[in-house]
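The values are calculated or read from the model by the stated rules, or taken from the named source; none is laboratory data. Just so it is clear, the model here is predicted, and its values are computed rather than measured. Please note: Cβ atoms are built from the backbone with ideal geometry, for glycine as well, and neighbour counts cover all protein chains shown. When the accessible area is computed, the model is the full protein with side chains, heavy atoms only, and any ligands, DNA or RNA have been set aside. Shrake-Rupley method; radii C 1.70, N 1.55, O 1.52, S 1.80 Å.
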Amino acid sequence: MRHLLSTTDLDRAAAIRVLDTAAQMAATQGRQIKKLPTLRGRTVVNLFFEDSTRTRISFETAAKRLSADVINFSAKGSSVSKGESLKDTALTLQAMGADAIVIRHQASGAPHTLAHAGWTEAAVVNAGDGMHQHPTQALLDAFTIRRHLTGGPGNPDGVGNDLAGLHVAVVGDVLHSRVARSNVDLLHTLGARVTLVAPPTLLPVGVGPWPAEVSYRLDDVLAQGPDAVMMLRVQRERMSTAGGGFFPSPLEYTRLYGLDARRLATLPDHSIVLHPGPMNRGLEISADAADSPRAVIVEQVANGVAVRMAVLYLLLAGDGDTAGTAPATGAVPALTSASSSGSTPATTAAPTTTAGATA
Amino acid sequence: MTAQYLLKDVRILDGEPTDVLVAGGLVAAIGPEAGDAAENAPDDLDVIDATGMVLLPGLVDLHTHLREPGREDAETIASGTRAAAAGGFTAVHAMANTTPTQDTAGVVEQVWRLGAQAGWTDVHPVGAVSVGLAGEHLAELGAMADSAARVRVFSDDGKCVHDPVLMRRALEYVKAFDGVIAQHAQEPRLTEGAQMHEGVVSAEIGLAGWPAVAEEAIIARDVLLAEHVGSRLHVCHLSTAGSVEIVRWAKSRGIDVTAEVTPHHLVLTDEEARGYDPVFKVNPPLRTQADVDAVREGLADGTIDIVATDHAPHTREDKDCEWAAAAFGMTGLETALSVVQQTMVDTGRMTWADVARVLSTNPARIGRVEGHGRPIAVGEPANLVLVDPEQRRVVEPERQATASANSPLRGRELPGRVVATFLRGRATVLDGVPQDDPADPRFAAGRVTP
Ligand SMILES: [Zn+2]
């Protein structure tokens, strides 16, 4: 794996490998000293052309727990938001010796362009591009679903498992959602059955070939007893004429597509509720549903760090790189903690925390 | 004194090999008389062995963006018409979306004059329909028609004349001077923020869709308006199967509508967008294979009257970026004839006479251009292009005559090569090379400079 641009980059084996590695990473995060020396001396740049404090912090935490140097490059607004700047920024980061670039961009395909235009040698991780993909979100969703619905005594994280036989409903603004696209591809790759639920205005023309069923009626889909229900964020502005006029009113949206206590009660006991956040409480999800024991939303956040650690690890230290240790097959102790001096890699020791914002 | 040229063993369109003498700005002789006349010719006779080659009337482009005035960093009238000559054109229509806009007699005359000075092709400025392409007030269409540039084609291309009342008035008004409204059919509300064809590929790669209906709805409205007021309508760069159907229906009703397709819509599909390379970003967008098949069929059966390039040069910085930030458009003057040969002639859909019809005769007729698109006969003006259909070449945008490198056909091998282009008997291209005038300081370095 050279870059992670889309969940379609991952076949079943590669996806399971990321999830299994994430399980190892998660195990180390239960310890008092969470830091691993694996990426010491490597530089990870968080290049964010679009605000997302949550995603940036998650990637930053992941990189720091692997002892990488982290540079946050907020390129939003003013002069850097247009055209040529992506190229100039890439050239700058290349000159600064970035080993990995985590990019969030409002334009679909910007990470693809960054990875393939010849501007940088760095590994590129897509942290969300326009309406296209957000692969680490889908991976953390799959990790969370696998843990809850396939894990058992002796294998709480469901290591080695796929999601075959599970039914996942993805509900909300599919049209504008990179989370939905990433999840449909990954869930399908892992063997799950996916049903998209949305008003017809919020489904893309051309959704036909997607490996998913489509329904306009949430109650019908919930009656099928899905194992997981993933609620997508719906922006209130989509209702206005300027926002596209996709639905008549927030109230009507909530009535037809919101997950509330009544709908929650119709689900089988084992079913879980996911949301990529940030939530619009009272719009796509009620407080009852969001705070219920079935909701694994807070856990998704924690799993996000483990999954992003796994992705950075596999991109920068996987596959025989001397700076890393054996990945998926190794036991958890193979990913030794920073306190264990024995496994400090040969690379020049560098400060383990750097967070100066440049730009 | 201009040289004389004897084209030996050339096929006129699909005919048997013969000889053609170009002299005095005219097709001076054809057949055995050409050789006889050449024997008595002065020293400056240039004999070209044209065995296996095809002679067509000089090509006429109804849709060219020359970018001057305003964006001389992307193209100039001199560099763009030099590229046109290299592609076999003897006349081009310069679209109105320049800065300042070609919406007054003064600006269209300036463009016309710069074209004449450059001397590569005839340049016919297109006049804007509305002031500043803003779609609000009619530009002074009559003044442009009566100017030295003699404008007959009016278009807000780049933008759609979406207000039905303004469109109706424009259609009616230009009847006074036999003009035509060339519509860029794009319903603006349905295409806000649109990046590519709306369909399976856009759904997957997450680019905002440009639905076929946004083109078809405007064409349907406009053919009905044209019928109602009895005017002439031209549809620019028609790109969908539905548009072909609507135009076919309109023609069957006797509506005075003509339509064009671009070379890129004859050969490329929206699948090209998957790599997010903005060189494939164009407006209207590349469509599906079914649409490509439909426009080829429409061109072959005459529903689509012409091929026009929509040559749209852009600087590197306007394309060297993420898709959404990139400009729409691609170059086409130097590859148009090859694409038509590849998709229409080599596949058996069209003859060379058909090529002459869609790339010369029909565009000259629609644009009311005199002296171009004429039959190749003794006494006709020698606006001609000599093509070698047997040669093949790989497209290298940096080596083209256009000042911009945004060709979507980079690296592709295409059939056919323009060997020579004659503008009123003067060779603008010989041996495939533009004939820069060494006496002209602009060409001192062998290359046009702005
Ligand atoms: Zn146009």
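Within region B:257-264, identify whether any single residue is more than 16 Å from the ligand (Cβ to nearest atom) and of a type in the set (G, A, S), and answer yes or no. No: region B:257-264 contains no residue that is more than 16 Å from the ligand (Cβ to nearest atom) and of a type in the set (G, A, S). Cβ-Cβ contacts under 9 Å between residues 6 or more apart (or on different chains), taken from a first residue in region B:110-138 that is of a type in the set (D, E, K, R) to a second residue that is open to solvent by less than 50 Å² (accessible area, probe 1.4 Å) and part of a helix (DSSP H, G or I), are listed as B:D122/B:T81; B:D122/B:G115; B:E136/B:L166. Within region A:121-128, can one find any residue that is touching a residue at least 12 places away in the same chain (Cβ under 8 Å), assigned by TED's automatic domain parsing to the domain that holds A:M231 and open to solvent by less than 30 Å² (accessible area, probe 1.4 Å)? Scanning region A:121-128, I find no residue that is touching a residue at least 12 places away in the same chain (Cβ under 8 Å), assigned by TED's automatic domain parsing to the domain that holds A:M231 and open to solvent by less than 30 Å² (accessible area, probe 1.4 Å), so the answer is no.
Considering region B:205-246, and only residues there that are closer than 14 Å to B:H265 by Cβ and more than 16 Å from the ligand (Cβ to nearest atom), the residue that is least open to solvent (accessible area, probe 1.4 Å) turns out to be B:V244. All conditions in (1) away from the ligand (no atom under 16 Å from the Cβ); (2) within 27 Å of B:P211 (Cα to Cα); (3) modelled with pLDDT of 95 or more; (4) touching a helix residue (DSSP H, G or I) at 6+ places or on another chain (Cβ under 7 Å) hold for B:D320, with the sole exception of (3). Which residue is nearest to B:I181 (Cα to Cα), if the candidates are limited to region B:352-378 and must be open to solvent by less than 60 Å² (accessible area, probe 1.4 Å) and in a loop (DSSP other than H, G, I, E, B)? Checked region B:352-378; the qualifying residue nearest to B:I181 (Cα to Cα) is B:G367. Filtering region B:1-59 down to residues that are assigned to a helix (DSSP H, G or I) and among the small types (G, A, S), which residue is most open to solvent (accessible area, probe 1.4 Å)? Only one residue fits best here, namely B:A37. For region A:137-165, the tally of residues that are touching a strand residue (DSSP E or B) at 6+ places or on another chain (Cβ under 7 Å) and either open to solvent by less than 10 Å² (accessible area, probe 1.4 Å) or over 17 Å from A:A22 (Cα atoms) (or both) stands at 3.
B:F177 meets the conditions (1) out of contact with any strand residue (DSSP E or B) (no Cβ under 8 Å at 6 or more places or on another chain); (2) within 16 Å of the ligand (Cβ to nearest atom) in every case but one. The failed one is (2). A search for C-beta distances below 8 Å between a residue of region A:169-182 that is touching a residue at least 40 places away in the same chain (Cβ under 8 Å) and any residue that is of a type in the set (F, W, Y) and assigned to a helix (DSSP H, G or I), counting only pairs 6+ apart in sequence or on different chains, returns A:V171/A:Y257; A:G172/A:Y257. For the condition open to solvent by 10 Å² or more (accessible area, probe 1.4 Å) and either within 24 Å of B:G242 (Cα to Cα) or touching a strand residue (DSSP E or B) at 6+ places or on another chain (Cβ under 9 Å) (or both), B:V385 does not qualify.
Of the residues that make up region B:255-264, is at least one more than 18 Å from the chain's Cα centre (by Cα), free of Cβ contacts under 8 Å to residues at least 24 places away in the same chain and either farther than 30 Å from B:D73 by Cβ or within 14 Å of chain A (Cβ to nearest Cβ) (or both)? Among the residues of region B:255-264, not one is more than 18 Å from the chain's Cα centre (by Cα), free of Cβ contacts under 8 Å to residues at least 24 places away in the same chain and either farther than 30 Å from B:D73 by Cβ or within 14 Å of chain A (Cβ to nearest Cβ) (or both), which makes the answer no. Report yes if B:E172 is among the acidic types (D, E), surrounded by fewer than 18 Cβ atoms within 10 Å (Cβ to Cβ) and outside any loop (DSSP other than H, G, I, E, B), otherwise no. It is true that B:E172 is among the acidic types (D, E), surrounded by fewer than 18 Cβ atoms within 10 Å (Cβ to Cβ) and outside any loop (DSSP other than H, G, I, E, B).
Among the residues that make up region B:265-279, is at least one of them among the aromatic types (F, W, Y), open to solvent by less than 20 Å² (accessible area, probe 1.4 Å) and in the same structural domain as B:E317 (by TED's automatic domain parsing)? Yes, region B:265-279 contains at least one residue that is among the aromatic types (F, W, Y), open to solvent by less than 20 Å² (accessible area, probe 1.4 Å) and in the same structural domain as B:E317 (by TED's automatic domain parsing).
Does any residue of region B:210-218 turn out to be within 10 Å of chain A (Cβ to nearest Cβ) and part of a loop (DSSP other than H, G, I, E, B)? The answer is yes, given that some residue of region B:210-218 is within 10 Å of chain A (Cβ to nearest Cβ) and part of a loop (DSSP other than H, G, I, E, B). The set of residues in region A:199-213 that are within 23 Å of the chain's Cα centre (by Cα) and either within 14 Å of chain B (Cβ to nearest Cβ) or at pLDDT below 95 (or both) comprises A:L202, A:L203, A:P204, A:V207, A:W210, A:P211, A:A212.
Taking the numbered list (1) open to solvent by 40 Å² or more (accessible area, probe 1.4 Å); (2) within 14 Å of another protein chain (Cβ to nearest Cβ) in turn, B:D320 passes all entries but (1). Out of A:L196, A:L175, A:L222, one residue alone is in contact with a helix residue (DSSP H, G or I) (Cβ under 9 Å, 6 or more places away or on another chain), within 14 Å of another protein chain (Cβ to nearest Cβ) and outside any loop (DSSP other than H, G, I, E, B). It is A:L196. Out of the residues in region B:270-288 that are within 14 Å of chain A (Cβ to nearest Cβ) and assigned to a loop (DSSP other than H, G, I, E, B), which is farthest from the ligand (Cβ to nearest atom)? Within region B:270-288, the match that is farthest from the ligand (Cβ to nearest atom) is B:Y276. If you check B:A84 against the conditions, is it within 16 Å of the ligand (Cβ to nearest atom), of a type outside the set (S, T, Y) and away from chain A (no Cβ under 14 Å)? Considered against the rule, which asks whether it is within 16 Å of the ligand (Cβ to nearest atom), of a type outside the set (S, T, Y) and away from chain A (no Cβ under 14 Å), B:A84 comes out as no. Inside region B:69-88, residues that are surrounded by fewer than 24 Cβ atoms within 10 Å (Cβ to Cβ) and touching a strand residue (DSSP E or B) at 6+ places or on another chain (Cβ under 9 Å) make up a count of 1. Residue pairs whose Cβ atoms lie under 6 Å apart, sitting 6 or more positions apart in sequence or on different chains, and linking a residue in region B:35-51 that is of a type in the set (S, T, Y) to a partner that is open to solvent by 50 Å² or more (accessible area, probe 1.4 Å) and at pLDDT 85 or above, are B:T51/B:D9. Look at (1) out of contact with any helix residue (DSSP H, G or I) (no Cβ under 6 Å at 6 or more places or on another chain); (2) at pLDDT below 90 and you find that A:A326 fails only one, number (1).
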